[in-house]
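We did not get these values from a lab; they are worked out from the coordinates using the rules stated. Because the structure is a prediction, the values reported are computed rather than measured. In this analysis, Cβ positions are derived from the backbone assuming ideal geometry, glycine residues included, and neighbour counts consider all displayed protein chains.
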């Protein structure tokens with residue numbers, strides 16, 4: 001009896017090789033360090049933040065950075081450093097949940113469209129094209145406005161807006177894999193389509209999806225900040241970098257530190273995820289060469 005060819009993506013040696021290639025990418029290491037820094041800030045915010053992020057101090061309204069308040073205070077006397085630290089929780093949570101929604105919805109649809117083809121592929125692809133025809137942020141704003149202003153609804157809106165990216169990515173990967181020899185051998189042995197998809201197609205799709213998820217995290221965090229800035233995301237007094245910038249724009253001249261620090265936090269974390277995603281992508285391309 002013939003045996004099914006081993007799926008390359010499932011071998012432990014190749015997984016270790018891919019990790020070593022990722023760690024050899026300077027951009028990936030720098031990006032990972034930045035991301036881990038913000039993860040630590042988000043997880044240990046209650047111990048890192050020097051003040052309560054929602055506690056007002058009317059005696060220290062819009063105070064410049066000092067030894068007592070390293071990043072100054074806002075229009076209500078709240079410590080900016082504490083709010084930036086707690087804001088990492090909202091941004092990372094929004095990015096993680098939104099990308100998870102996009103993957104959980106997009107991955108099976110992409111697998112179905114790419115593997116079975118026919119009318120299923122036509123319907124899924126046309127719906128995907130319709131969603132991709134609308135700019136990502138515009139679609140997220142429209143969905144968030146329809147669902148209502150809250151962090152939860154913002155995450156759902158961002159996840160739905162990012163879903164077509166994963167559908168198209170997975171579908172393309174499946175189209176290039178489903179006619180490989182190991183898939184043909186599995187069909188010849190009488191394996192069901194569901195078993196082939198789970199055992200042979202899915203393992204070869206995971207790595208590109210992880211790379212795309214890392215890059216999409218940066219987009220999702222930026223989108224969450226944009227929605228919060230427009231009043232469609234995290235609601236005050238809860239800390240959010242986008243809502244902090246919304247308030248800070250009224251005091252750009254008198255208290256510029258109110259906008260500098262949350263804006264810098266957004267730039268740095270988006271840069272971190274982009275560097276990490278680029279490093280993962282370079283490592284993936286090397287594994288294909």
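Could you put 184, 214, 207 in order, starting from the residue whose Cβ has the fewest other Cβ atoms within 10 Å?
In order of increasing Cβ crowding within 10 Å: 184, 207, 214.
Under a plain spin-label model, where a point goes 7 Å from the Cα along Cα-to-Cβ, how far apart in nm are residue 104 and residue 181?
Here the modelled spin labels are 4.0 nm apart.
From the square roots a ≥ b ≥ c of the eigenvalues of the alpha-carbon gyration tensor of segment 98-139, which class results: rounded (a/c under 1.5), prolate (a/b over b/c), or oblate?
Working: a/c = 4.21, a/b = 1.37, b/c = 3.08.
Cα axes put segment 98-139 in the oblate bin.
Any idea what angle helix 151-177 forms with the longest principal axis of the chain, computed on alpha-carbon atoms, 0 to 90 degrees, nearest 10?
30 degrees
Quick check: pseudo-label points 7 Å beyond the Cα along Cα→Cβ at residue 48 and residue 285, how many nm apart are they?
Result for the modelled spin labels: 3.2 nm.
Measuring from a point 7 Å past the Cα of residue 129 along Cα-to-C-beta, which residues in segment 172-212 have an amide N at less than 18 Å?
So the set is 172-173, 175.
May I ask you to work out the translational diffusion coefficient for segment 117-186 at 37 °C, viscosity 0.692 mPa s, via Stokes-Einstein with Rh from the Kirkwood sum over Cα pairs, reported in whole µm²/s?
Result for D is 237 µm²/s.
Compute the relative contact order of the chain as a whole-number percentage, counting only Cα pairs closer than 8 Å that sit 6 or more residues apart in sequence.
28 percent
Ratio of Rg to Rh for segment 32-115, alpha carbon only, Kirkwood? Could the numbers behind the result be given before it?
On the way: Rg = 18.6 Å, Rh = 15.0 Å.
Ratio of gyration radius to Kirkwood radius: 1.25.
Would you mind listing how long segment 172-277 runs along its three principal axes, going by Cα atoms, in whole Å with the largest first?
73, 26, 17
Which whole-angstrom value gives the distance between the alpha carbon centres of segment 18-69 and segment 77-102?
10 Å
Using helices alone, what [θ] at 222 nm do you get for the chain, with -39,500 (n - 2.57) per DSSP H run of 4 or more residues, divided over all residues and rounded to the nearest 500? Write down the numbers at each step before the final one.
Working: 12 runs with 206 residues, N = 289.
Helix contribution divided over all residues of the chain: -24000 deg cm²/dmol.
Measuring from a point 7 Å past the Cα of residue 57 along Cα-to-C-beta, which residues in segment 70-104 have an amide N at less than 18 Å?
Under cut-off, by backbone N: 70-87.
Mind checking the full-extension length gain between residue 235 and residue 138? Use 0.36 nm per residue of separation minus the Cα-Cα distance, one decimal, nm.
That pair, residue 235 and residue 138, stretches by 32.9 nm at full extension.
If the chain between residue 252 and residue 147 were fully stretched, how many nm would it gain, using 0.36 nm times the residue separation less the Cα-Cα distance?
Details: separation 105, 0.36 × 105 = 37.80 nm, distance 3.15 nm.
Full extension of this stretch gives 34.7 nm more.
I need two numbers for the chain: Rg to one decimal and Dmax as a whole number, Cα atoms only, in Å.
In order Rg, Dmax, the Cα atoms of the chain give 22.5, 82 Å.
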